[in-house]
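The values are calculated or read from the model by the stated rules, or taken from the named source; none is laboratory data. What you see is a predicted model; the values in this text were computed from it and never measured. Quick reminder, even Gly has a Cβ in these numbers, built from the backbone with ideal geometry, and neighbours come from all protein chains shown. Surface accessibility is based on the protein's heavy atoms, side chains included, excluding ligands, DNA and RNA. Shrake-Rupley method; radii C 1.70, N 1.55, O 1.52, S 1.80 Å.
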Amino acid sequence: MAEVEIKNEGKTVEIPDGSLLGELEGKCAILFACKTGSCGSCKVRVVEGMENLEPPNEAEKIGLETFGTDSKERLLCQCKIKKGKVTIEY
Ligand code: FES
């Protein structure tokens, strides 16, 4: 299992290795409005562990060009965790 620490909620959620971070829906306060990478509601900043995430897919790249402000941001509904631990904040 991989771990996602949500820094500003003070909690860590376990999800299966290789799964979409959209698995966090309902397990944290982050809103997943579209789940297609087009609304920006699930944008977070990766504090640690970016190396444990797969590179952005095409939908996430387009979303980040629209909603992102720096290279540490990701859209949870589109990005997959490989394994290990990632720390995020929003
Ligand atoms: S839920 Fe809309 S971009 Fe992720």
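At a glance:
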quantity	calculated
Qualifying residue in the range 67-78 (condition: of a type outside the set (Ser, Thr, Tyr), at pLDDT below 95, within 15 Å of the ligand (Cβ to nearest atom) and buried (at least 16 other Cβ atoms within 10 Å of the Cβ))	yes
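Here's the yes/no breakdown for (1) closer than 13 Å to Cys77 by Cβ; (2) in contact (Cβ under 8 Å) with a residue 60 or more places away in the chain:
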site	(1), (2)
Ile6	no, yes
Gly10	no, no
Gly18	no, yes
Leu31	yes, no
Gly37	yes, no
Gly40	yes, no
Lys43	yes, no
Gly49	no, no
Glu54	no, no
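Table: residues versus (1) open to solvent by 70 Å² or more (accessible area, probe 1.4 Å); (2) more than 10 Å from the chain's Cα centre (by Cα); (3) among the hydroxyl-bearing types (Ser, Thr, Tyr); (4) within 16 Å of the ligand (Cβ to nearest atom).
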site: Val4; (1), (2), (3), (4): no, no, no, yes
site: Gly18; (1), (2), (3), (4): no, yes, no, no
site: Gly26; (1), (2), (3), (4): yes, yes, no, yes
site: Lys43; (1), (2), (3), (4): no, no, no, yes
site: Val47; (1), (2), (3), (4): no, yes, no, no
site: Leu53; (1), (2), (3), (4): no, no, no, yes
site: Ile88; (1), (2), (3), (4): no, no, no, yes
